[in-house]
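The values are calculated or read from the model by the stated rules, or taken from the named source; none is laboratory data. If you're wondering where the values come from, they're calculated on a predicted model, not measured in any experiment. Every residue, glycine among them, receives a Cβ derived from its backbone with ideal geometry; neighbour counts consider all protein chains shown. With ligands, DNA and RNA removed, areas are computed over all heavy atoms of the protein, side chains included. Shrake-Rupley method; radii C 1.70, N 1.55, O 1.52, S 1.80 Å.
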Amino acid sequence: MTQNIYDNAEFFAGYSLLGRSVEGLDGAAEWPALRALLPDLHGQSVVDLGCGFGWFCRWARENGAAQVLGLDVSDNMLARARTDTADAAISYAQADLERLDLPEASFDLAYSSLALHYVEHLAELFGVVHRALKPGGALVFSAEHPIYTAPTHPGWSSDMGGQKTWPVDGYLVEGPRSTDWLAKGVIKQHRTIGTYLNLLLRQGFSLTHVEEWGPTDAQIAARPALADERQRPPFLLVAARR
């Protein structure tokens, strides 16, 4: 079973204060790039894997989706999503992405934002999603970039000419990583970019876009603190077709 860290009181309290939790999609710097990968949603059936507070579910409906299903393992997340949603065409359900069961050929789009790096058995999940998509259906997701999920040697980070370097240790050693982010002992699954892409290809997906995301000049001008994200990509964005 996926570690349900979002129902940890300390973690959830910290997560609720993040910009993307307060401002929604507009608080996520990678959202414009992720949005550009989405197909036309008018009349479409959508499933959101790891829906969190339901921000994307509501956006999808506002942009023409006919039906949206939001799935999350966290009671806290789902309670907030239901409180903030007043739309009969959006439904939420508790689901562990490690043990997901979806009806065959039922969705036009499967979407996931920053959830798949928690999933250990990703090949199985991609298989479930492939079967659940209609022919020609799309999968669009973001994940924490493997540069982040790989362990960083604590003695290697340095300052050179005012710029930090971010060497990575153990990049090719895949598997669970324990990190202290908002709470102690948060488990994320490290895998290489090649593994992400090959798992998709082996399940029958066709890749349409792969992006190691970084902020644009305009974003840095508006939020100078984002300049640090030019040192290493924080997110991996992928779009694929069934």
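Computed from the Cβ-Cβ distance with R0 of 25 Å, the FRET efficiency linking T216 to H42 stands at 0.35.
Given their separation in residues at 0.36 nm each and the Cα-Cα distance between them, A88 and E120 gain 8.3 nm when the chain is fully extended. Going by accessible surface with a 1.4 Å probe and the largest first, I90, I187 read I187, I90.
Rounded, prolate or oblate, given the Cα gyration tensor of segment 62-125, with a/c below 1.5 counting as rounded? Because a/c hits 1.5 or more and a/b fails to exceed b/c, segment 62-125 counts as oblate. Extending 7 Å from Cα along the Cβ direction at T195 and again at L226 yields two label points whose distance is 3.0 nm.
Here r is the Cβ-Cβ distance between D169 and A9 and R0 is 45 Å; the resulting FRET efficiency, rounded to 0.05, is 0.90. To the nearest 0.05, what FRET efficiency results for S106 and L25 with a Förster distance of 25 Å applied to their C-beta separation? In this case the efficiency is close to 0.55.
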